[in-house]
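Dumping the structure here so I can ask a few things about it.
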Amino acid sequence: MEGASFGAGRAGGAFDPLDFLKQPQTLLRIASWLFSIVVFGSIVNEGYVNRDTTPELHCIYNENEGACSYGISIGIIAFFTCVFFLVVDLHFQQISSVKDRKRAVLLDLGVSGILSFLWFIAFCFLANQWQWTLSTKGVWQGADAARAAIAFSFFSILTWVGLTVKALQRYRLGTDMSLFATDQFAADPNTGYPGYPTGSGIESTETYQSPPFTETLDANPKGYQVPAY
């Protein structure tokens, strides 16, 4: 996984849409988004059928309203979650704070793991209720949609587990702190600051001497001259 900080490079770097679309994480999000549409769309459109004797609509899954409600709810939640994290991924490289990047990755990890579990429940719930569904004319008409919702619930488990793994990899990748290092600091953190420059260790033969005093006094040792009369 390329990148220096949780799977992305330095903040403010160039953004390549093609590279973004080719990332496995992006492909998994788009697939999860499409699967969620199939699940809740199938149940909303053909998941409610009437009995042969009454026009009243019932859930196609063994007339269990909870099964239809759960399938629709988890599909809508997954739909908006995919949109939210796609926007986060688009702006992830522009996040300059390492702490904010870490929070985003941890949020992605937690939400993806929870949705993987919720989709597993949805698949088991819908499949179990479909097994106990009595075969009627209305059920026959919506059977394909019911099976599609079950199948794409299973596919959603796989994609969200994949997103959980990708988020875990990004979290373990961590941050390369060399991005934030400057040239004025040593590479070794234990290295102290450089001291003042020292000499070569060889003393110079030339020593400083003050200039000699100017002889302004008389040669008389007493320093006094008798005036002439």
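Which order do peptides 66-75, 19-28, 34-43 fall in by mean Cβ count within 10 Å, highest first?
34-43, 66-75, 19-28
In debye to the nearest 20, how big a dipole does the stretch 18-182 give about its Cα centre with +1 on each Lys and Arg Cβ and -1 on each Asp and Glu Cβ?
I would put it at about 660 debye.
Another question, then. Leaving out ligands, DNA and RNA, what percent of the accessible area of the stretch 18-182 is carbon and sulfur, probe 1.4 Å? Before the final figure, lay out each step's value.
Working: 6070 of 8950 Å².
Whole-percent figure for carbon plus sulfur exposure: 68.
Something else about it: Relative to a virtual label point 7 Å from the Cα of Arg147 in the Cα→beta-carbon direction, which members of the stretch 53-82 show backbone nitrogen distances below 18 Å?
Answer for the stretch 53-82: 60-62.
Once you sort the root eigenvalues of the Cα gyration tensor of the stretch 18-182 as a ≥ b ≥ c, which label holds: rounded (a/c under 1.5), prolate (a/b larger than b/c) or oblate (the other case)?
Judged from the Cα gyration tensor, the stretch 18-182 comes out prolate (a/c at least 1.5, a/b above b/c).
Under 13 Å from a point placed 7 Å out from the Cα of Gln94 along the Cα-to-Cβ direction: which residues of the stretch 13-36 have their backbone N that close?
13-16
With every protein chain present, what is the per residue accessible area of the stretch 18-182 (1.4 Å probe, Å²)?
Values: 8950 Å² over 165 residues.
Per-residue accessible area for the stretch 18-182 comes out at 54 Å².
The values are calculated or read from the model by the stated rules, or taken from the named source; none is laboratory data. Computed from a predicted structure; not experimentally measured. When we count neighbours, we look across all protein chains shown, and the Cβ atoms used for this are built from the backbone with ideal geometry, even at glycine. We work out accessible area using only protein heavy atoms, side chains counted, and drop any ligands, DNA or RNA first. Shrake-Rupley method; radii C 1.70, N 1.55, O 1.52, S 1.80 Å.
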